[in-house]
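Trainee: Below are the structure tokens for one structure; questions will follow.
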Amino acid sequence: YAIGVATAYGILGAVIAVFGESLGIIGWLQNPIILIGFAIVFVLLALYMLGVLNIRLPRFISSKMQGLSQAGDSKLGSASGSLIAGFLSALVVSPCVSAPLFGALLAVSTIGSPLLGFAALFMLGFGLSAPLILIGATQGKIMPKAGEWMNWVKQGFALLLFAVALLLIERVFISPAMLMIWALWFMVVAMWAWSWLGKGRMLTQALALIAGIWAACLIIGAALGNDDSLHPLASLSAAPMMQTTGQTAISNTTDKTVTTLTELDALIAAHPKVLVDVTAEWCIECRIMDKNLFHNRPAQMQDWQLVRLDITETTDDSKAILARYKLFGPPALLYYQDGQLTNQQVGEIDRSEFEQTLTMLNN
């Protein structure tokens, strides 16, 4: 049964791996409208977990899906029947696996290899079925007993779904207001953890205190005008650090923006040090990197010419750019010295890694 479930997921992974790049999945999954849409879905699922909403498919759809998923149940006593039943049941995806399945599909869409895509999603499906294997092997002896703790855990998963929605929203709205919303979430988590009265209460109270302290840090960070929820107090340490290291932020008004390899090659030939920022208007991670890396530039960038390589539009030129550098999409940083590509970083790069790379290349 577990292998049947995993096989269904594996086939889905192979299909997404093959067609993910050509369909531009990375692009449209970073579109702000799509991100906000997914955030709304996660909020609805969280409200469903809390019992606020009652989400049901239309009866004619749910009955057909249920009939399909149970088509092999009559032969569950045999190995082949269990395999078929597992495969068909995986076609009906429940809300509890939407988040990990979404993340896995996004990852395999960048692989381009059907074999790796199949393997990745096969392991996801097998992992989802592992508890069933354990329960079956122990003949149900380790099944937890029903009780109030189940409602408490259900509330916890609802809070996690709200957190996923916030993670998606803050990629679109980068502002101190998001820190206040996160602070509210952590305060609710603190109250939820403190409300547990069963075994292990000391642990849940410790969790509540940590969540409450972090909520306070977020509120202070928002008041200071910071907008990074992972580093809400960053501005308090930024100025002393700059004074200690003797670095001064620089600005460059000679940045170039190009859309073709011909334009890029001309700039690379004209400057000894060129930093190419592969970007697109729909790329949320690119916006985050632009703010963190280039709005307040480190002194190490003084001798570098910044070139933004814009692939917003899907054209032959943008496809040629991705093909040359073997990229599946932005963001990416390309470091050229004397016309030679000396370093390449793919994905979102944080400030410290960026500065370390520049220091290494400047020496």
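Trainee: Which residue is modelled with the lowest pLDDT, if the candidates are limited to segment 42-84 and must be among the β-branched types (Val, Ile, Thr) and surrounded by 17 or more Cβ atoms within 10 Å (Cβ to Cβ)? Can you show your working first?
Mentor: Residues of segment 42-84 that are among the β-branched types (Val, Ile, Thr), as a first pass: 43, 52, 55, 61, 84.
Now restrict to residues that are surrounded by 17 or more Cβ atoms within 10 Å (Cβ to Cβ): 43, 84.
Values: Val43: 89, Ile84: 76.
Filtering first and then ranking leaves Ile84.
Trainee: Would you check if Leu179 is at negative phi and either of a type in the set (Lys, Arg) or over 21 Å from the mean Cα position of the chain (by Cα) (or both)? So that I can check it myself, show each step before the final result.
Mentor: On the way: at negative phi: yes; either of a type in the set (Lys, Arg) or over 21 Å from the mean Cα position of the chain (by Cα) (or both): no.
Spelling it out, it is not the case that Leu179 is at negative phi and either of a type in the set (Lys, Arg) or over 21 Å from the mean Cα position of the chain (by Cα) (or both).
Trainee: Residues in segment 284-307: is at least one closer than 25 Å to Ala17 by Cα, touching a residue at least 60 places away in the same chain (Cβ under 8 Å) and surrounded by 14 or more Cβ atoms within 10 Å (Cβ to Cβ)? If you could, list the steps in order and put the result at the bottom.
Mentor: Within segment 284-307, the subset closer than 25 Å to Ala17 by Cα is 284-286.
This time we only want the ones that are touching a residue at least 60 places away in the same chain (Cβ under 8 Å), so: 284-285.
Filter once more, so that each one left must be surrounded by 14 or more Cβ atoms within 10 Å (Cβ to Cβ): 284-285.
Checked against the condition, which is being closer than 25 Å to Ala17 by Cα, touching a residue at least 60 places away in the same chain (Cβ under 8 Å) and surrounded by 14 or more Cβ atoms within 10 Å (Cβ to Cβ), segment 284-307 yields at least one hit.
Trainee: State whether one or more residues within segment 30-41 are within 17 Å of the chain's Cα centre (by Cα), open to solvent by less than 60 Å² (accessible area, probe 1.4 Å), modelled with pLDDT under 75 and not aromatic (Phe, Trp, Tyr).
Mentor: The answer is yes, given that some residue of segment 30-41 is within 17 Å of the chain's Cα centre (by Cα), open to solvent by less than 60 Å² (accessible area, probe 1.4 Å), modelled with pLDDT under 75 and not aromatic (Phe, Trp, Tyr).
Trainee: Within segment 223-265, can you find the residues that are under 20 Å from Met187 (Cβ atoms) and at pLDDT 90 or above? Give the derivation first.
Mentor: Within segment 223-265, the first condition is being under 20 Å from Met187 (Cβ atoms), and the residues that meet it are 223-224, 226-233.
Hit for segment 223-265 is Ala223, nothing else.
Trainee: Condition first: within 23 Å of the chain's Cα centre (by Cα), open to solvent by 30 Å² or more (accessible area, probe 1.4 Å) and among the hydrophobic types (A, V, I, L, M, F, W, C). Now tell me which residues in segment 211-232 satisfy that. Working first, answer last.
Mentor: Taking segment 211-232 as the starting set, the residues that turn out to be within 23 Å of the chain's Cα centre (by Cα) are 211, 214-215, 218, 226-232.
Keeping just the survivors that are open to solvent by 30 Å² or more (accessible area, probe 1.4 Å) gives 214, 227-228, 230-231.
Across segment 211-232, the qualifying residues are Trp214, Leu230.
The values are calculated or read from the model by the stated rules, or taken from the named source; none is laboratory data. This structure is a prediction, so every number in the text was calculated from the model and none was measured. Cβ atoms come from the backbone with ideal geometry, glycine included; neighbour counts cover every protein chain shown. All accessible areas refer to the heavy atoms of the entire protein, side chains included, with ligands and DNA or RNA removed. Shrake-Rupley method; radii C 1.70, N 1.55, O 1.52, S 1.80 Å.
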